[in-house]
Amino acid sequence: MAVNQETPANPGAIGFIPAPPERMKAKPDETCLDFGKIFTDYMFVMDYADGAWRDARIQPYGPFMMDPASSVLHYSQSVFEGLKAYRAADGSIRLFRAKDNFERMNTSCERLCIPKINPDFALEAMKRLLRLEAEWVPSAPDTTMYIRPTIIAVDPFLGVHAAEKYIFYIILSPSGAYFPDGMSPVRIFVEDEFVRAVRGGMGFSKTGGNYAASILAGAVAKRRGFTQVLWLDGVRQRFVEEVGSMNIFFKVRGELWTPKLNGSILPGITRSSVIALAQAMGVKVVEKDIDIYELFELGARGELEEAFGSGTAAVISPVGMLRLQNRDLIINNFHTGPLAQGLYDTLTGVQYGRLTDPLGWTETL
Ligand code: COI
């Protein structure tokens, strides 16, 4: 099993299995798209067996036949990615830092003992799928084609070890905003009971288990009226890590602070884009350990000017309030701050092709 394969071979030509006409679906109404609920007619699939990725193909979207003993169903050996395709005003379809997603997927694969994919091949396969499904890429404001590459372990075996068979697939979901209220500031519960990840664990990997670990805390927070939880470090439960589906930023005395990547935080591609854009705007960005109690003190003194999350699905999402135990911290009077708005406008401007892209992050399909 090729766990540390450095340059996985290109699995060759991409086959095509056409969908019977009766399986083709009607396109959704773009003006009321939810996030991640509708899927297109086709998906990309390839299998891993006998030590190699093989049988790359585009086939009709549909369920997999899986043995009930498949390892992913028992031990969660899986990784995934999330990225988007954007419909520009001129009708073209644009991608944003897409290869970075496949490179990050390989980092997750290493941690989960999953054979790596060839990022160039995966990118090409995704582009072919998108070209085939181009009519599904929505054009209504703030809509995108959300893309979900995933690898699952499918050995029918109940022993705990790395599988020898995997499926890599890419599905496409025409989507609206992740948070239904768009850019309205959200209420976040600071979680000091449950933890998401610890150093040495899988926190830096994009794997289902990290999200499974977050569901209970997220559900409790939601019942209490909060949108998501802010995770603290798993040892001292004191240092800020990330929010449910986003990395987190704080504007303090004019500087932009974000938790430094420490092994238990997801290295967000939007996070790294926000850092670069803020620096280009002349804002000093500081990646460091952020003590939640000190942050509340800064807030009480009026020195915490803005807070916002960043993520592919969430884009930039302003935080209007944090609750830590019985203390509430209202941020910027529950308004979207100018830095969050400026970063949102610049980032989405580059993604949709309304602004120039000096950093070379985008490409047209
Ligand atoms: C993304 O932002 O693309 C994610 O994968 C977060 C999510 C779990 C919706």
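Quick notes on this structure:
- DSSP-loop chymotrypsin sites (Phe, Trp or Tyr not before Pro) across the stretch 41-74, with at most 13 other Cβ within 10 angstrom: PHE64
- Theoretical FRET efficiency, 1/(1+(r/R0)^6), r = Cβ-Cβ of GLU110 and ASP291, R0 45 Å, to 0.05: 0.90
- Remark: the stretch 11-175 carries 43 Å² of accessible area per residue (probe radius 1.4 Å; ligands, DNA and RNA excluded).
- Placing dummy labels 7 Å off each Cα toward the beta-carbon, the span from ILE215 to LEU73 is 1.6 nm.
- Shape category assigned to the stretch 256-304 from the gyration tensor of Cα positions, a/c cut at 1.5: oblate
- Per-pair calculated FRET efficiency, R0 = 25 Å: GLN325 and ARG301 via Cβ, rounded to 0.05: 0.85
- Antiparallel DSSP beta bridges within the stretch 11-175, percent to nearest 5: 95
- Cα centroid separation - the stretch 146-181 against the stretch 274-349, whole Å: 31
- Label-zone membership for the stretch 136-150, site THR31, 7 angstrom Cα→C-beta point, backbone N under 18 Å: 138-144
- Taking the helices alone, the chain has a mean residue ellipticity at 222 nm of -7500 deg cm²/dmol, built from -39,500 (n - 2.57) per DSSP H run of at least 4 residues and averaged over all its residues.
- In this calculation the C-beta distance from ARG148 to ASN333 is compared with R0 = 35 Å, giving a FRET efficiency of 0.45.
- Qualifying GluC sites (Glu not before Pro) for the stretch 154-237 [loop in DSSP, other Cβ within 10 Å: at most 13]: GLU193
The values are calculated or read from the model by the stated rules, or taken from the named source; none is laboratory data. Nothing here was measured: the structure is a model prediction, and the numbers come from that model. Here Cβ is always computed from backbone atoms with ideal geometry, including for glycine, and neighbour counts include all displayed protein chains. Ligands, DNA and RNA are stripped out before the accessible areas are found, and what is left, the full protein with its side chains, is counted by its heavy atoms. Shrake-Rupley method; radii C 1.70, N 1.55, O 1.52, S 1.80 Å.
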